[in-house]
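Values in this text are rule-based calculations from the coordinates and carry no lab data. What you are looking at is a predicted structure, and each value in this text was computed from that prediction instead of being measured. Every residue, glycine as well, gets a Cβ built from its backbone with ideal geometry; the counts of neighbours run over all protein chains shown.
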Amino acid sequence: MPFVISLPSLPGRGGRGSVVLAVVIAVLVCVSVLTFVVNRVASGNQADGSGPSNRDYVDITTVALSHSAATRTAGASTGSYTEHCGGPGTIHRNADNVIFTPRISDGAMHVHDYVGNLSTNAFSTDDSLAAAGTTCANGDRSTFYWPVLRILDGQGQDMVFGNMGRILEPAKVDIRFVGSPVTHVVEMPEFLRATVGDAKELTEPRAPSLPRWTCTGYTDRITDLYPVCPQGSQVVRIFEFPNCWNGTSLSSADHYTHVVPATVGGVCQQGTFPIAQLRITLTYDVPFGARYANDTFPDQLRSPLVDHADYIDVMTDEEQAQIVACVNSGRNC
């Protein structure tokens, strides 16, 4: 139906005055409508209101150079231990989260990518994880998972929760454990749960540390927004897990307080012990100019601030000892 403005005749004026006023009001209405549309795009929701926002993206070339890492001391553990746990074609998926919503199918309300343990789902137990197969070349049965990344091209949809877009597998999955800049690390216990980021950070901020993003060729520029990379550059997603364990608990009610990040200087707070820090780095071949976003809860609007990753340690004592020995001795294994 066409949009029509109907105006009464104005006292003391002829038909021409009415027409002029009608035109002026029509123009003002059109400007108001256009302003609303522009503001809606700038405020960032897609037409279906599911996000992400234009403000969720940043040109990586405009991001300030990152600060230098913590200064190493004589007692630092400078080594690293890399695991080869798969990539494209070896990832399995579900919408579960055994740490946050155990025994609830689709409890995450968004899809996760998994590497490592082949059996992880909402109903996994310590025993089932320890008995399962793994994609890790060294036999580590630990589970590593994070929300999928999607290209927002209208070619795919999570039929249950409405996260639109075609799932993009990471071109490279780098899993490694690194040491502390100020001290040696101790072994983490089997079945320790750890999380970086929070799936509800947009509406209920609480995560002590957030994942970060960058682009290949620009890794000295780190952001918590989705980076827009130059042509030929890949999107890089970085998960740096907390690395100070309370020494007693495998988990906690809020999933954070039993293992927390070190201070900016790399020191663990009193009552916690330094463990090797898990770093997961994912590299994606995002088509140049393509819009992309991770999966989220519906009310989190595909925001990059709610990105997160989870880890359950299912290493044997021998495997854990190998990591600690490598990291503490300064070797790259």
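Using R0 = 22 Å, the C-beta based FRET efficiency linking Gln269 and Thr78 works out to 0.50.
Show me 54-63, 74-83 ranked by packing, highest mean number of other Cβ atoms within 10 Å first. Mind showing how you got there, number by number?
Values: 54-63: 15.4, 74-83: 17.4.
Packing order, densest peptide first, comes out as 74-83, 54-63.
Amide H contacts for Gly116 (H built 1.01 Å from N in the peptide plane; partners 5 or more residues away or on another chain; cut-off under 5 Å): Thr135, Cys136. If R0 equals 30 Å, the separation of the Cβ atoms of Arg331 and Thr219 corresponds to a calculated FRET efficiency of about 0.80. Taking amide H atoms as placed 1.01 Å from N in the peptide plane, the amide H of Asp59 lies under 5 Å from those of Val228, each 5 or more residues away in sequence or on another chain.
Taken one residue at a time, the phi angles of segment 267-277 give Karplus couplings (6.51, -1.76, 1.60, θ = phi - 60°) of 8, 7, 5, 4, x, 10, 10, x, 10, 4, 7 Hz. Gly and Pro are set to x. Simple spin-label estimate for Thr257 and Thr203 gives 2.4 nm between the two label positions (7 Å along the Cα-to-Cβ direction from each Cα).
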